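Enquirer: Following this message is one structure expressed as structure tokens.
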Amino acid sequence: MTMLVTNIGELVTWDADRPILHDAAFIVEGGHVAWFGHRRDAPAADTMRDVGGAAVIPGFVDSHTHLVFAGDRSAEFEARMTGAAYAAGGIRTTVAATRAAPDEQLAANVARHLAEMRAQGTTTAEIKSGYGLTVLDEARSLAIAREFTDETTFLGAHVVPEGSDIATYVDLVTGPMLEKCAPYARWIDVFCEDGAFGADEARTVLEAGIAAGLLPRIHANQLGPGPGVQLAVELGAAAADHCTYLSAADVDALAGSDTVAGLLPGVEFSTRQPYPDARRLLDAGVTVSLATDCNPGSSYTSSMPFCIAVAVRDMGMSPREALWSATKGGAVSLRRDDVGHLAVGAKADHAVLNAPSFVHLAYRPGVPLVAAVG
Ligand SMILES: [Zn+2]
């Protein structure tokens, strides 16, 4: 079966030779792009879909989410917006609610948030554990996440749980917890930050994960300058996410590496922190991704279009750079070459916009512009 999607006003493929086409079409066969080009050159297909001049973009790749959780922290958000400071320890509120929730409730929450994301154009999402913080609760969080995505990340080292000390907890995370979680995870992650895990502990966690066959990524330099980015580069991590406070040496290290700088503007929006300087990273030649960091504490948005709008408005990105970072950049962050673009051979995951151009994603902030996802 082949399907022709045609009458596309603007088609974003990120193909090396023809990254953006006008008056375009593409053919889907077996879930993959078999052909794209000018619509008058389109070969015959079994079925045809006319999108009426709309823009079509690759589905968003959200490379950083924390969807396995229960509970609500709107009161904490309200307090913060009324003058209280953000502290990493608020995670413990969600941990208590998550531990108390049955599997079915956690799975239903993941499904609900993924549906919300898909309605806004996201077709690939990474999901982290990190609100269980016991062997049992981390393992069941990852087993649930695995039902929905292959991009699962073991984040037992999210915060030290109440009643434990850091050394004992790192032993647990890198020992019995890792053993039970690794079968359900592709990635190992750690929250490297004052109030969470320092450089030595973060290195121990990531190296243990690597030894167990997982690929490293990290939460780094969110609340202040720190060692996380340098550690990510040294260990060859796929991504250093947050990157809000970077030294010149951090930027240089990222530019000379394969580590993607993952920017999460929903966090700075929701915590009233300064935004990361995407322009500085791009000008230095760093590969940048954009993701939601969807979580109930510091960034409760599931919307990649929202992140694009903020990145363009407040982080120095052009609309085209922001779209690339939200699609192909996310794919690079997850070391995937089959998603985040619509060149021949890629998965045909795409979003049809209620707009003639992808620029509307930033030009019309807050407007539901995704008409269909395929
Ligand atoms: Zn995060």
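Per-residue answers, yes or no, for (1) at pLDDT 95 or above; (2) acidic (D, E); (3) buried (at least 22 other Cβ atoms within 10 Å of the Cβ); (4) closer than 24 Å to A248 by Cβ:
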site: T134; (1), (2), (3), (4): yes, no, no, no
site: D150; (1), (2), (3), (4): yes, yes, no, no
site: A157; (1), (2), (3), (4): yes, no, yes, no
site: I166; (1), (2), (3), (4): yes, no, no, no
site: Y184; (1), (2), (3), (4): yes, no, no, no
site: G224; (1), (2), (3), (4): no, no, no, yes
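Enquirer: Still on this structure, I have one more. Return the pairs, sorted by first residue and then second, in which the second residue is modelled with pLDDT of 95 or more and within 9 Å of the ligand (Cβ to nearest atom), the first residue lies in the range 292-308 and is among the aliphatic types (A, V, I, L, M) and open to solvent by less than 10 Å² (accessible area, probe 1.4 Å), the beta carbons are less than 9 Å apart, and the residues are 6+ apart or on different chains.
Expert: Taking only residues 6 or more apart or on different chains, the pairs are M304/A291.
Enquirer: Follow-up. Could you tell me whether the range 284-294 includes any residue that is away from the ligand (no atom under 16 Å from the Cβ), over 28 Å from R112 (Cβ atoms) and in contact with a Gly (Cβ under 7 Å, 6 or more places away or on another chain)?
Expert: Residues of the range 284-294 away from the ligand (no atom under 16 Å from the Cβ): 284-288.
Next, only the ones that are over 28 Å from R112 (Cβ atoms) stay: 284-288.
Retained after the next criterion (residues that are in contact with a Gly (Cβ under 7 Å, 6 or more places away or on another chain)): 287-288.
Scanning the range 284-294, I find at least one residue that is away from the ligand (no atom under 16 Å from the Cβ), over 28 Å from R112 (Cβ atoms) and in contact with a Gly (Cβ under 7 Å, 6 or more places away or on another chain), so the answer is yes.
Enquirer: So, one more: Output the residues belonging to the range 20-37 that are under 22 Å from H360 (Cα atoms) and open to solvent by 30 Å² or more (accessible area, probe 1.4 Å).
Expert: First, pick out the residues of the range 20-37 that are under 22 Å from H360 (Cα atoms): 20-26.
Correct list: I20, H22, D23.
Enquirer: When you go through E116, E78 one by one, which is the residue that is without any contact (Cβ under 8 Å) to a residue 12 or more places away in the chain and either crowded, with 20+ Cβ neighbours inside 10 Å or away from the ligand (no atom under 16 Å from the Cβ) (or both)? Spell out how you get there, then give the answer.
Expert: Working: E116 fails: without any contact (Cβ under 8 Å) to a residue 12 or more places away in the chain.
When all the criteria are applied, what remains is E78.
Enquirer: I would also like to ask the following. Just to be sure before I move on: is L264 out of contact with any Gly (no Cβ under 8 Å at 6 or more places or on another chain) and crowded, with 24+ Cβ neighbours inside 10 Å in the structure I sent? Let's see the steps before the verdict.
Expert: Details: out of contact with any Gly (no Cβ under 8 Å at 6 or more places or on another chain): yes; crowded, with 24+ Cβ neighbours inside 10 Å: yes.
Answer is yes for this residue.
Enquirer: So, in the range 320-374, of the ones that are touching a strand residue (DSSP E or B) at 6+ places or on another chain (Cβ under 7 Å) and acidic (D, E), which residue ends up surrounded by the fewest Cβ atoms within 10 Å (Cβ to Cβ)?
Expert: D338
Listed here are the residues, each with its yes/no results for (1) within 16 Å of the ligand (Cβ to nearest atom); (2) surrounded by fewer than 24 Cβ atoms within 10 Å (Cβ to Cβ).
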{"site": "D137", "(1), (2)": "no, yes"}
{"site": "T153", "(1), (2)": "yes, no"}
{"site": "E162", "(1), (2)": "no, yes"}
{"site": "Y169", "(1), (2)": "no, yes"}
{"site": "V173", "(1), (2)": "no, no"}
{"site": "E193", "(1), (2)": "yes, yes"}
{"site": "R203", "(1), (2)": "no, yes"}
{"site": "L231", "(1), (2)": "no, yes"}
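Enquirer: Still on this model: Could you please find all residues in the range 157-184 being without any contact (Cβ under 8 Å) to a residue 40 or more places away in the chain, closer than 19 Å to I127 by Cα and in contact with a strand residue (DSSP E or B) (Cβ under 9 Å, 6 or more places away or on another chain)?
Expert: The answer is V173, L178, A182.
Enquirer: Would a scan of the range 268-275 turn up a residue that is under 24 Å from H66 (Cβ atoms) and crowded, with 24+ Cβ neighbours inside 10 Å?
Expert: Our first condition is that a residue be under 24 Å from H66 (Cβ atoms); within the range 268-275, this holds for 268-275.
Retained after the next criterion (residues that are crowded, with 24+ Cβ neighbours inside 10 Å): none.
No, the range 268-275 contains no residue that is under 24 Å from H66 (Cβ atoms) and crowded, with 24+ Cβ neighbours inside 10 Å.
Enquirer: Filter the range 46-75 for residues that are more than 16 Å from the ligand (Cβ to nearest atom) and charged (D, E, K, R); which is nearest to D194 (Cα to Cα)?
Expert: In the first step, residues of the range 46-75 are kept if they are more than 16 Å from the ligand (Cβ to nearest atom); the result is 46-60, 70-72, 74-75.
Next, only the ones that are charged (D, E, K, R) stay: 46, 49-50, 72.
Numbers: D46: 58, R49: 52, D50: 53, D72: 25 Å.
Among those that are more than 16 Å from the ligand (Cβ to nearest atom) and charged (D, E, K, R), it is D72.
Enquirer: Do we find that V68 is within 24 Å of P216 (Cα to Cα), assigned to a strand (DSSP E or B) and either open to solvent by 60 Å² or more (accessible area, probe 1.4 Å) or modelled with pLDDT of 95 or more (or both) in this structure?
Expert: On the way: within 24 Å of P216 (Cα to Cα): yes; assigned to a strand (DSSP E or B): no; either open to solvent by 60 Å² or more (accessible area, probe 1.4 Å) or modelled with pLDDT of 95 or more (or both): yes.
For V68, the condition - within 24 Å of P216 (Cα to Cα), assigned to a strand (DSSP E or B) and either open to solvent by 60 Å² or more (accessible area, probe 1.4 Å) or modelled with pLDDT of 95 or more (or both) - is not met.
Enquirer: Right, here's the next one. May I ask you to verify whether G121 is out of contact with any His (no Cβ under 6 Å at 6 or more places or on another chain) and over 26 Å from D349 (Cα atoms)?
Expert: Details: out of contact with any His (no Cβ under 6 Å at 6 or more places or on another chain): yes; over 26 Å from D349 (Cα atoms): no.
For G121, the condition - out of contact with any His (no Cβ under 6 Å at 6 or more places or on another chain) and over 26 Å from D349 (Cα atoms) - is not met.
Enquirer: Working carefully through the options L246, L235, find the one that is open to solvent by 10 Å² or more (accessible area, probe 1.4 Å) and in contact with a strand residue (DSSP E or B) (Cβ under 7 Å, 6 or more places away or on another chain).
Expert: Residue meeting the stated conditions: L235.
Enquirer: Name every residue in the range 238-260 that is within 14 Å of the ligand (Cβ to nearest atom) and at negative phi, in order of residue number.
Expert: To start, the set of residues in the range 238-260 that are within 14 Å of the ligand (Cβ to nearest atom) comprises 239-244.
If the condition is that a residue be within 14 Å of the ligand (Cβ to nearest atom) and at negative phi, then A239, A240, D241, T244 are the ones that fit.
Enquirer: Kindly list the number of the only condition in (1) open to solvent by less than 20 Å² (accessible area, probe 1.4 Å); (2) part of a loop (DSSP other than H, G, I, E, B); (3) more than 26 Å from R92 (Cα to Cα); (4) not aliphatic (A, V, I, L, M) that fails for G285.
Expert: Status for G285: all satisfied but (1).
The values are calculated or read from the model by the stated rules, or taken from the named source; none is laboratory data. The shown structure was predicted, so the numbers you read here are calculated from the model rather than taken from an experiment. Ideal geometry is used to build each Cβ from the backbone, glycine not excepted, and the neighbour counts take in all protein chains shown. Surface accessibility is based on the protein's heavy atoms, side chains included, excluding ligands, DNA and RNA. Shrake-Rupley method; radii C 1.70, N 1.55, O 1.52, S 1.80 Å.
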